[in-house]
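Derivation of every value follows stated rules applied to the coordinates shown; laboratory data play no part. On a predicted model such as this, the values are computed, not experimentally measured, just so you know. Note that we place each Cβ from the backbone using ideal geometry, even for glycine, and neighbour counts take in every protein chain shown.
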Amino acid sequence: MASKNGKSLGYILLGLLAVSLVGFGTGGFGTNIRSIGTVGDQDIPAASYSRALDNDLRAFSAQLGQNLTFQQAQEFGLDRVVLQRVIGETALDNATREMGLSVGDEEVRRQVLAIPAFGDLQGNFDREAYAFTLQRSGLSEAEFEADLRRQSARSILQAAVMTGATASPTYLDTLFDYVAARRNFTWASLRPEDLETPIGAPTDAELVAFYTANPDQFTLPETKRITYVWLTPDMMAETVDVDDETLRQLYEERLAEYVQPERRLVERLIFPDAEAAASAAAQLSVDPSSFDGIVEDRGLTLSDIDMGTVTPLDLGSSADPVFALDDTGVTGVVETDLGPAIFRVNAILAAQETTFEQARDDLAAEIVADRAGRLIASGARDYDESLASGATLEDLAAESDLQLGTIDWHAGVDTDIAAYDAFRQAAAAISDGDFPEVLELEDGGVFAMRLDEVLEPRLQPLEEVRETAVTAWRSAEQKSALLAQAEAVAAALRDGTALPDQGLDETIETDILRSDGIPGQTVDLVGPAFEMAAGDVQVIEGPERIYVLRLDAINDPDAADAEVASLRDALTSATEQDMGQDLLDAFTARIQSDARIQLDQGAINAIHAGFQ
């Protein structure tokens, strides 16, 4: 219990440290609000609720990677979660008060002195830092110490409730066996090329029967027939002229990209004096591979000395010895502005030069795309104004560079203009009566669309989908034949005929855990193995192969393995912690139900208003 209490107390201290550092932007709700309600005779501090709400809002925003507004947090139910938690903590405080459970001044003092936020640079308690930090968080010393006293007493009660949780050996054995038991099994796979009789082409009767029996495979979904106009930079490429002078100017502006001197990946280890540098250099002359050890002996890591990719200009006066190396390796002692140093070259990147002629096409394509995009953007407003004046898509195509087209679109169509996300999103959203508007494509192009009609799901005629139907028939026949052949293999395996004797390559797996996977296989073979009895044979269907699996042995967890024993200890600890938390939750719920809970919704709303 002492150990668990110590851990709980540590968590409290960390929580208090977080509390002491908030207050920078905490929602202001008015100093006259002290409580948002009561649990029994215990007030629910308004400041506790506000700080908890602020902390959770910050943490949730960090988890999502974006700042949430309070309204968004309310949509997630964050305020209700925080309120319920604060009510639970207050219920525990009420219970400790009724029990007369508390901690003395000396314990409070010890905890205050142990909080790093209240210390100076040497780690000693700083009275001014204590007062300043509490002031920044909106707390007086008396409020903070009272809160600390309540939390300490609450932690003692929580530890007392949770410590009694002990998992039964039977439950632990079952859980441990699930996690650590092992299986030995043998398997083989059958592919279409393993079929004893290859599948040929279907007869007309077979194809018609398959088509009739599987109408869903040949039925088009609801389809939108859409007329559209569009214009992309690629369509305008031929209308944009680019002269060599412009291209050469852009090339010169980017010369550093196209002409790069030799570069090297370098590490620099600086020494406090020439004697230490000379000693290291002598060691490296005998064993160049000892460089990492020298770095470690200096109390550094490789990231501390990494200079990245450098040019002679980057190294200045140190460049000559570094770039004099013909290959990777270490230099001798080099005097630098920071003291004597040894450099290690890890890679040599040869000088590179892309001539203007080599870069010309890429530069021209870039300029064309940019100019075409600007031309399209400048015309987009005119297109919109024409549509607003009553022009049709056909009128626009006749009077401008926009190209007219039609498409029967559904979610499975992603060619031509439907290859653009923007078009697919607009097509999914369009409905009858929507007014055409000019929208942007991802590459700088524009488009507008009109819904002409909605086609109901319809079965495509066999002659239109004959090739697709033949492929589907052959796939279905192959799978059926493979399953039948696999069942025959499984039956022979049960009778004692080994897989190699049946012309199949077998794979033997040993000591496989439930959490393991079989490399290179997309089908789960491990899960079925743990559902089988020793000696059982099972056929498992995959998307491209059929598998035959025999369970050879069921192996109990290896009790002699130190890692396995450690796993059992971890499972025991985690299980008892979970049970303890369940006990605490049940205890907290019970004391809440026994106490009188009264909430001041006006005070809660006032706190919420401070977060708006």
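Let me know the shape class of segment 363-414, please: from the alpha-carbon gyration tensor, a ≥ b ≥ c as square roots of the eigenvalues, rounded when a/c is under 1.5, otherwise prolate if a/b is greater than b/c, or oblate.
Numbers: a/c = 2.49, a/b = 1.18, b/c = 2.11.
Here segment 363-414 falls in the oblate category.
Please give, to one decimal in nm, the separation of the simple spin-label points placed at Q84 and L567, each 7 Å out from Cα toward the Cβ.
Placing both labels 7 Å beyond Cα along the Cβ direction yields 3.5 nm.
What full-extension length gain, to one decimal in nm, is calculated for A411 and A586 as 0.36 nm per residue of separation minus the Cα-Cα distance?
The span from A411 to A586 would gain 58.1 nm if fully extended.
What is the set of long-range amide H partners of S35 at a cut-off below 5 Å, with H atoms built 1.01 Å from backbone N?
Hits under the 5 Å cutoff: A46.
If the only charges are +1 at each Lys and Arg Cβ and -1 at each Asp and Glu Cβ, what is the size of the charge dipole of the chain around the Cα centre, to the nearest 20 debye?
Values: 44 positive and 108 negative charges, 685 e Å.
Its charge dipole is roughly 3300 debye.
In Å, what Rg and Dmax follow from the Cα atoms of segment 57-186?
Expressed in Å, the Cα Rg and Dmax of segment 57-186 come to 22.0, 71.
Please list the non-local residues whose amide H lies under 5 Å from the amide H of T392, H modeled 1.01 Å from N, same-chain partners needing a gap of 5 or more.
Residues meeting the criterion, in which the H sits 1.01 Å from N, do not exist here.
Using label points projected 7 Å from each Cα along Cα→Cβ, tell me how many nm separate E399 and D511, to one decimal.
Output for this residue pair reads 8.0 nm.
State whether segment 37-124 is rounded, prolate or oblate according to the following rule on the C-alpha gyration tensor (a ≥ b ≥ c being the square roots of its eigenvalues): a/c under 1.5 gives rounded; otherwise a/b larger than b/c gives prolate, and the remaining case gives oblate.
Oblate, since a/c reaches 1.5 and b/c is not below a/b.
Tell me what the chain gives for mean residue ellipticity at 222 nm when only DSSP H runs of n ≥ 4 count, each as -39,500 (n - 2.57), the sum divided by the residue total, rounded to 500 deg cm²/dmol.
So the helix-based figure for the chain works out to -15500 deg cm²/dmol.
Roughly speaking, what is the centre-to-centre gap between segment 346-384 and segment 407-486 when only Cα atoms are used, to the nearest Å?
So the separation of the two Cα centres works out to 33 Å.
Tell me, what HN-Hα J-couplings in whole Hz come from the Karplus equation 6.51 cos²θ - 1.76 cosθ + 1.60 at θ = phi - 60° for each residue of segment 163-173, using x for Gly and Pro?
5, x, 6, 10, 6, 6, x, 5, 5, 5, 4
Just tell me the longest site-free run in the chain, where the sites are GluC sites (Glu not before Pro) in a DSSP loop having at most 16 other beta-carbon atoms within 10 Å. All intermediate terms of the calculation are to be shown ahead of the outcome.
Numbers: sites that count: E196, E222, E262, E437, E442, E506, E531, E544.
Between the exposed loop sites, the longest stretch runs 1-195.
Checking the a/c ratio against 1.5 first, then a/b against b/c, what shape does the Cα gyration tensor give for segment 445-586?
Here segment 445-586 falls in the oblate category.
Find how much the distance from E257 to A391 grows on full extension, using 0.36 nm per residue of separation minus their present alpha carbon separation; answer in nm with one decimal. Walk me through the numbers on the way to the answer.
Working: separation 134, 0.36 × 134 = 48.24 nm, distance 4.77 nm.
Gain on stretching E257 to A391: 43.5 nm.
Give me the percent relative contact order of the chain, please, defined on Cα pairs under 8 angstrom at least 6 residues apart.
26 percent
Using θ = phi - 60° and the Karplus form 6.51 cos²θ - 1.76 cosθ + 1.60, what ³J(HN,Hα) does each residue of segment 347-361 get, whole Hz, x for Gly and Pro?
7, 10, 9, 5, 4, 10, 9, 9, 6, 4, 4, 6, 8, 4, 4
Explain nothing, just the number: relative contact order of segment 262-350, from Cα pairs under 8 Å at least 6 residues apart, as a whole percent.
48 percent
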